[in-house]
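The values are calculated or read from the model by the stated rules, or taken from the named source; none is laboratory data. Values in this document were obtained by computation on a predicted structure and should not be read as measured data. Neighbour counts run over all protein chains shown; Cβ positions are idealised from the backbone, glycine included. Heavy atoms of the whole protein, side chains included, go into the accessibility calculation; ligands, DNA and RNA do not. Shrake-Rupley method; radii C 1.70, N 1.55, O 1.52, S 1.80 Å.
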Amino acid sequence: MSCICPECGAENFKVGKICSKTGKTVCIDCCRKCENYFFNDAYFAHGCRYGVHEWHTSITEEEARLNRIRSRIEDKIQLQERILNRGYRNDRKIANRIEGEITRLRYEASKIQAEMAL
């Protein structure tokens, strides 16, 4: 079976890549000539940048704050469970304090969600 580059028509090329844009196998020379190919000599970074704008989603500052608060809530819940599993008498007081922090963080999260809904 022979390989034919759909861009330049070269046959049986030794090095090829599947193009992110077309989904077809192209020779490496055509891949490097593409406008989406990126090469940086300083960092030896290279590769296809087709669709780069879709790689990272941009989130608002409120969403970032909400994500941080949710992460802190999860951490506090796990800490509370670890403390309660130890079984010491004073651990209940510590767990209650952590429960208060969790409640405060949930209140903060609900305020941010209400601001985002407006």
Restricting to lysines and to Cα separations under 24 Å from K17, and discarding same-chain partners fewer than 8 apart, the set is K33
Modelled label-to-label distance, E74 and N90, 7 Å Cα→beta-carbon offset: nm? 3.2
Can you give me the distance in nm between label points at T103 and Y37, each placed 7 Å from the Cα along the Cα-to-Cβ direction? 6.3
Taking the chain, how much of its Cα-Cα pair set, in percent, is spaced more than 17 angstrom apart? 72
Rolling a 1.4 angstrom probe over the protein heavy atoms, how many square angstrom per residue are accessible across the chain? 81
If I compute solvent accessible area with a 1.4 Å probe over the protein chains, what percent of it on the chain is carbon and sulfur? 50
Taking Cα atoms only, helix 61-86 is inclined relative to the longest principal axis of the chain by an angle, in degrees rounded to 10, of 60
Under 5 Å between amide H atoms, partner at least 5 residues away or on a different chain: which partners does A10 have, H built in plane at 1.01 Å? C5
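Give me the net charge for the shell around C34: Cβ to Cβ below 14 angstrom, other residues only, Lys and Arg +1, Asp and Glu -1.
Values: positive: K17, K21, K24, R32, K33, R49; negative: E7, D29, E35.
Taking every other residue near C34 into account, the sum is +3.
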Full-extension gain in nm, E81 to I28, via 0.36 nm per residue minus C-alpha separation: 13.6 nm
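Given 0.36 nm per residue, what is the gain on full extension from T60 to Q113 after removing their alpha carbon distance, in nm?
17.9 nm
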So what's the angle, to the nearest 10 degrees on a 0 to 90 scale, between helix 91-117 and the longest Cα principal axis of the chain? 50
